[in-house]
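Quick notes on the structure that follows.
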Amino acid sequence: MSAGTLYDKVWDLHRVAELPGGSTQLFIGLHLIHEVTSPQAFAALRDLGLSVRYPERTVATVDHIVPTTSQVRPLADPLAEEMLATLEANCRQHGITLHGIGSGRQGIVHVIAPELGLTQPGMTVACGDSHTSTHGAFGAIAFGIGTSQVRDVLASQSLAMAKLKVRRIWVDGRLQSGVFAKDLVLHIIRILGVKGGVGYAYEFAGPAIEALSMEERMTLCNMAIEGGARCGYVNPDALTFDYLQGRPAAPSGEAWDRAVAWWRSLASDPGAVFDDEVRFDAAAIAPTVTWGITPGQGIAVDETVPTPEELDPDERPLAGEAYRYMDLRPGAPIAGTPVDVCFIGSCTNGRLSDLRAAAAVAEGRRVAPGIRAFVVPGSEQVAAAAEAEGLDAVFRRAGFEWRLPGCSMCLAMNPDRLEGRQISASSSNRNFKGRQGSASGRTLLMSPAMVAAAAITGHVVDVRALLAEHPPTVERQPPLTPALP
Amino acid sequence: MSTVPLPAGPIAAHRGRGLPLPGADIDTDRIIPARFLKCVTFDDLATGVFADDRSERAGDHPFDRPEHRGASVLVVNSNFGCGSSREHAPQALMRWGIRAVVGESFAEIFFGNCLALGLPCLTADPADVTELQEAIAADPGAELLVDLEAMAVVLERPSAGEKRWPVRLEPGPRRMLLSGQWDGTAQLVAHDAELTATASALPYLNGFR
Ligand code: SF4
């Protein structure tokens, strides 16, 4: 059993009671809600005659269904409009802060909470969205929950949870240039499998992880859930504190110093005990692309689609389904696979550093004929910061569309979707059948820089080749600084 | 689609016909595609169950086959319900009429969502699951008894006699279902004094003092 890990410490601090079913009641420090998974929870609360226990610990935004072309109200889709109006009414009635369209703070829930400084080390975070694991980048313990649990958190600011085991994923070395956190996490999931993390919290540690920026750590933790781990985290360090300092919801003055001291104390102890440990070498990882219908079906861009013989017997049935669905031939190189649509955005890769990496590839080039390419910033703040440094112009000049913030074609609940058997290069997190809005649509997951490279060439290509022939002129810049009132 | 009322109170057993749905890693996007999530109540979700898979298979999907109409015990393989945390998935299955799921393994969030709705997800050995799926396919009219007391699934065939398979469920969830305390909100609300005590000791709620 794990001991002395950040997970153990945070768990102990948030324990409320042991429940008859054998689970533990855990206090939830930050509850994030959005328009899709909350309306039924508020309705259930009303039916039970309960109120919101800690309205100041719940924060709302709208992201999943908002259109990215025009966000003028009422929205063109009456169902989408009804969902926004329902969330607004619920927040008003219960005194919950809502960062709505045009507030300057709206965006994908997992993008805005960190950038507002709401997500902090040592917190428990819950949200009715599986990619809540993102917040673990700050050393928070963060899980996605279902609507009944959203109701539970609203009613009691707590959840019934069973304690997870802790696996340390130790990553040595450094990622090569042109290789990103997205490639790292796709590689980890490829090796450990989409079920490999079931029952575990993932602690990401080691020199390669310490070298990642906060935004890269968010990308990594975001996809812990795709590896089956309910949550993933990185121990807080100086980089974490630098990122948080000065953000609207971060502590300030003397409280800041006390906060940093407390946050430091939460990191896993040097002698911490883990239930399991696996090791990776970052330097050996190449840009990674999925070829199949789960995020675990990934290969390096210079590899070939695995043949059944190259796979474990228990992976073969799913691979067979994937060959048919994706229309990819076993043994064929993944590089050169033509794409139709290129999507840069989502809570995995819709932050400023992601847009910079993609813009560095797009700069001075043109999207290949016949390709639809679009960029959806993760939040209004990301959009404003990107526009301030001219990234929107770089993308537009290259032939990309520059859109308004939201989840967009990550799950295609808004008008952004694939059509028919179109195939997309996507910086999002799921390549499930039908995920991007067409029942037969196909998705190749990759880093934003790789998506930009696919847009330029019209097919899957190793972004390092493009970067070598024409090195980036968009400088790597310091992380986004808060520019809010 | 079902008119059977949604569960309430203790759940010790369920009797109904089986519905085999073979395949590993069936994710919640397939159980209920995202476009059906555009709703503010769960009431009409039954129409969206496996909508894309069903249209792809044009009437030949297990949820469309006439012999499984009215079935209520879903039998699946491994990692069922992976992917998105959407509770719409179990809600849609329940509104279609599913009242118990037996499978090799379940994704954690899906399992928790089901438990909170009173939908038992029981695990069984892979070989037993395959056998059960085949037995249902061979005799789709036979009733299944899902017994949480005896921890078994029993196929009741009037002519060929009964056949039983052991199933598993962690003691905690099992107790919750048997006692009717699977809807945990009341328990959580009851510990308000302890909740306040926990909150008052959390540095980030108290100016980091
Ligand atoms: S971007 Fe995609 S994964 Fe992220 S919150 Fe939105 S829908 Fe969920």
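Does A:ALA332 satisfy the criteria of being within 16 Å of the ligand (Cβ to nearest atom) and at pLDDT 95 or above? It is false that A:ALA332 is within 16 Å of the ligand (Cβ to nearest atom) and at pLDDT 95 or above. If you go through region A:422-447 and keep only what is of a type in the set (D, E, K, R) and away from chain B (no Cβ under 12 Å), you end up with just A:ARG442.
When A:ARG151 is tested against (1) within 12 Å of chain B (Cβ to nearest Cβ); (2) not in a helix (DSSP H, G or I), just one condition goes unmet, and that condition is (2). For region A:180-201, the condition holds for no residue, the condition being that it is at the interface with chain B (Cβ under 10 Å from one of its Cβ atoms) and within 23 Å of A:ALA385 (Cβ to Cβ).
Within the option set A:GLN71, A:GLN106, A:GLN93, being away from the ligand (no atom under 16 Å from the Cβ) and not hydrophobic (A, V, I, L, M, F, W, C) holds for one residue only, A:GLN93.
Sort through B:ALA127, B:ALA92, B:ALA100, B:ALA137 and tell me the only one that's more than 9 Å from every other protein chain (Cβ to nearest Cβ), touching a His at 6+ places or on another chain (Cβ under 7 Å) and more than 16 Å from the ligand (Cβ to nearest atom).
Selected residue: B:ALA100, the only one of B:ALA127, B:ALA92, B:ALA100, B:ALA137 that is more than 9 Å from every other protein chain (Cβ to nearest Cβ), touching a His at 6+ places or on another chain (Cβ under 7 Å) and more than 16 Å from the ligand (Cβ to nearest atom).
Search region A:383-430 for residues being part of a loop (DSSP other than H, G, I, E, B) and touching a Pro at 6+ places or on another chain (Cβ under 6 Å), and hand back the single one that is surrounded by the most Cβ atoms within 10 Å (Cβ to Cβ). Checked region A:383-430; the qualifying residue surrounded by the most Cβ atoms within 10 Å (Cβ to Cβ) is A:SER427.
Restricted to strands (runs of 3 or more DSSP E) entirely inside region B:95-159, those with at least 2 residues that are farther than 24 Å from B:ALA8 by Cβ are B:152-157. Restricting region A:156-200 to residues that are farther than 30 Å from A:PHE27 by Cα and of a type in the set (Gly, Ala, Ser) leaves a set whose member that is surrounded by the most Cβ atoms within 10 Å (Cβ to Cβ) is A:ALA181. Regarding A:GLY100, is this residue more than 13 Å from the ligand (Cβ to nearest atom) and away from chain B (no Cβ under 13 Å)? Here the answer is yes, as A:GLY100 does meet what is asked. Checking each residue in region A:296-310 for being in contact with a Leu (Cβ under 9 Å, 6 or more places away or on another chain) and more than 25 Å from A:ASN222 (Cβ to Cβ) picks out only A:VAL305. Exactly one residue among A:ILE209, A:ILE169, A:ILE112, A:ILE141 is more than 14 Å from every other protein chain (Cβ to nearest Cβ), under 26 Å from B:HIS88 (Cβ atoms) and touching a residue at least 24 places away in the same chain (Cβ under 8 Å), and that residue is A:ILE112.
Give the residue, chosen from B:ASP64, B:ASP27, B:ASP52, that is among the charged types (D, E, K, R) and more than 7 Å from chain A (Cβ to nearest Cβ). B:ASP64 is the lone residue from the list that is among the charged types (D, E, K, R) and more than 7 Å from chain A (Cβ to nearest Cβ). Count of region B:172-209 residues, restricted to those that are at the interface with another protein chain (Cβ under 7 Å from one of its Cβ atoms), more than 17 Å from the chain's Cα centre (by Cα) and assigned to a helix (DSSP H, G or I), is 10.
Among residues of region A:8-20 that are farther than 10 Å from A:ALA160 by Cα and more than 10 Å from every other protein chain (Cβ to nearest Cβ), those with a beta-carbon under 9 Å from a residue that is buried (at least 19 other Cβ atoms within 10 Å of the Cβ) and modelled with pLDDT under 95 at least six positions away or on a different chain give the pairs A:TRP11/A:MET161. Going by the conditions given, is A:ARG421 among the basic types (Lys, Arg) and within 18 Å of A:ALA358 (Cβ to Cβ)? No: the conditions fail for A:ARG421.
Are any residues in region A:320-348 part of a helix (DSSP H, G or I) and either over 21 Å from A:GLY434 (Cβ atoms) or more than 15 Å from the chain's Cα centre (by Cα) (or both), and if so, which ones? Matches in region A:320-348: A:GLY320, A:GLU321, A:ALA322, A:TYR323, A:ARG324, A:TYR325, A:MET326.
Any chance you could count how many residues in region A:390-424 are small (Gly, Ala, Ser), away from the ligand (no atom under 16 Å from the Cβ) and within 28 Å of A:ARG324 (Cβ to Cβ)?
First, the residues of region A:390-424 that are small (Gly, Ala, Ser): A:390, A:393, A:398-399, A:406, A:408, A:412, A:420, A:424.
Now drop any that are not away from the ligand (no atom under 16 Å from the Cβ), which leaves A:390, A:393, A:398-399, A:420.
Remaining after also requiring within 28 Å of A:ARG324 (Cβ to Cβ): A:420.
Looking only at that region, the number is 1.
Could you pull out the residue among A:THR37, A:THR86, A:THR61 that is under 21 Å from A:ASP152 (Cβ atoms), surrounded by fewer than 24 Cβ atoms within 10 Å (Cβ to Cβ) and touching a residue at least 40 places away in the same chain (Cβ under 8 Å)?
Values: A:THR37 fails: surrounded by fewer than 24 Cβ atoms within 10 Å (Cβ to Cβ); A:THR61 fails: surrounded by fewer than 24 Cβ atoms within 10 Å (Cβ to Cβ).
Every option except A:THR86 fails the conditions.
The values are calculated or read from the model by the stated rules, or taken from the named source; none is laboratory data. All values reported here derive from a predicted model rather than from experimental measurement. Virtual Cβ from ideal backbone geometry, glycine too; neighbours counted across all protein chains shown.
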